[in-house]
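The values are calculated or read from the model by the stated rules, or taken from the named source; none is laboratory data. Small disclaimer: the values here were computed from a predicted structure and weren't measured. Reconstructed Cβ throughout: ideal geometry from the backbone, glycine too, with neighbour counts over all protein chains shown. For accessibility, only protein heavy atoms count, side chains too; no ligands or nucleic acids. Shrake-Rupley method; radii C 1.70, N 1.55, O 1.52, S 1.80 Å.
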Amino acid sequence: MKKKLLALVCALVMIFSLASCGLSTPDTVGKVGDFEVSSGLYLLAQFSAYQQAAQLAGKDQDATDVKAFLKETITTDADTGETAVVQDYVADKTLETLRTFAAIDARFAELGGELTAEQTQVADNYAQQLMDQYGSTYNANGIGLETLKAFERIQLKHTLLLTLVYGPDGESPVDDSDLTEHLDSQMYELAYVNIPLYNTSTFVFASDDQKAQMLQLAQAAAASCSETQDGSVSEQVSALHSAASAALPDIYAVLDSTPAEDASSVQTELLTESDLTGAFTQDGAADAVRGLVYGEAAAAQYNAASIILMMRIDPLQVSTLDALRTQILSDMKGDELEDALTAYGSTLENDLSTSAMNKMPASKIVNPSSSSNS
């Protein structure tokens, strides 16, 4: 999807933190539609907005100097050259995120959605895990366990909306034949073995000549799997494992290294076009995946540090269509749902308190390495 809500939590945990700086925060900042926005959710939305702005910072702009960066101008659309002052951008994106939260909650209720006790517990358990691992960061941010629980429940509703809207009994059901066609043409189930382009003991990287030699050996291993192209998935994966087991000692030897016992273990993963674009960054690597038919193996350098020995397999021989339905719908209809939620959220009445929000200004966002803003 365009905007994965989970990224808000990931950004919060991994990059920056907010300083409470003795700040007194209200319990809520008001409502969007019928959705009550807690101070914790407001801080989370604001932080996410700041992170989006930071990702758009120019090379000469320091997003860790929060007060200064908020006054900077960033390019928000590289194609049109559209710009915005960071302070305004953060305010707009914060409201947009809160409207999305409200739209998810409202649409879920309208379509008869209701979290089961088990689903609620799953969301709450994940929130607890996050708090157990990153509690000091969250506490410094004024974000407690109840906020994380609320967020995780919103995230779960967001996922379940795919079925409520596009599932077999949904508002706008997608036919199984269309799901299967999308799965066949736009998604790629790979069985694969990852081969590092560095000595796993010394971490010395391969030279260009060594990379070429290792890739050639991996491609020969892929070619040896051709006899099982028409076999079952089990036979195909077994053939890939055998080919990797036979080839890896020679491949690793190029760098005077030896493979670990589990180096030839075959993993499987269902990839989307966006996955290919994001992960297969070397020229021609993504096209190598797209060109595979079921049961066909290949090897390619897919990023600066790795070769992949892979085979495309039929996902419907690994899982059922029902088991894959949400994943397919997310890839197929995720952007459409996101656009609909954004449009719906824009129609909801904004009853947020300016005075409450002013008690939690974006200027209080700080980089932990910088104490000047606290």
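Assorted remarks:
- Consider segment 57-76 and keep the residues that are of a type in the set (A, V, I, L, M) and either assigned to a helix (DSSP H, G or I) or under 15 Å from ALA91 (Cβ atoms) (or both). The one that is modelled with the lowest pLDDT is VAL66.
- Residue selected from segment 283-323 under the condition part of a helix (DSSP H, G or I), open to solvent by 10 Å² or more (accessible area, probe 1.4 Å) and among the aliphatic types (A, V, I, L, M), by the criterion nearest to VAL174 (Cα to Cα): LEU321
- Check on GLN213, out of contact with any Asp or Glu (no Cβ under 8 Å at 6 or more places or on another chain), modelled with pLDDT of 95 or more and more than 27 Å from GLU118 (Cα to Cα): yes
- Considering residues of segment 358-374 that are in contact with a helix residue (DSSP H, G or I) (Cβ under 7 Å, 6 or more places away or on another chain) and at pLDDT 80 or above only, the residue most open to solvent (accessible area, probe 1.4 Å): SER363
- Just one of (1) part of a loop (DSSP other than H, G, I, E, B); (2) under 22 Å from LEU148 (Cβ atoms); (3) modelled with pLDDT of 95 or more fails for PRO26. It is (3).
- The lone criterion from (1) touching an Asp or Glu at 6+ places or on another chain (Cβ under 9 Å); (2) surrounded by 14 or more Cβ atoms within 10 Å (Cβ to Cβ) left unmet by GLU96 is number (1).
- Residue count, segment 197-215 (criterion: of a type in the set (Gly, Ala, Ser) and open to solvent by 90 Å² or more (accessible area, probe 1.4 Å)): 1
- Here GLU235 meets the list (1) under 31 Å from the mean Cα position of the chain (by Cα); (2) open to solvent by 70 Å² or more (accessible area, probe 1.4 Å) almost entirely, failing just condition (1).
Rundown of residues vs (1) open to solvent by 50 Å² or more (accessible area, probe 1.4 Å); (2) out of contact with any helix residue (DSSP H, G or I) (no Cβ under 6 Å at 6 or more places or on another chain), yes/no style:
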| site | (1), (2) |
| --- | --- |
| GLU146 | yes, yes |
| ALA150 | no, yes |
| TYR166 | no, no |
| TYR188 | no, no |
| VAL193 | no, no |
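- Enumeration of residues in segment 268-295 that are touching a strand residue (DSSP E or B) at 6+ places or on another chain (Cβ under 6 Å) and polar (S, T, N, Q): THR268, THR272, THR281, GLN282
- Each residue in segment 238-258 was checked for being open to solvent by 40 Å² or more (accessible area, probe 1.4 Å) and either touching a residue at least 12 places away in the same chain (Cβ under 8 Å) or farther than 16 Å from VAL318 by Cβ (or both), and 9 pass.
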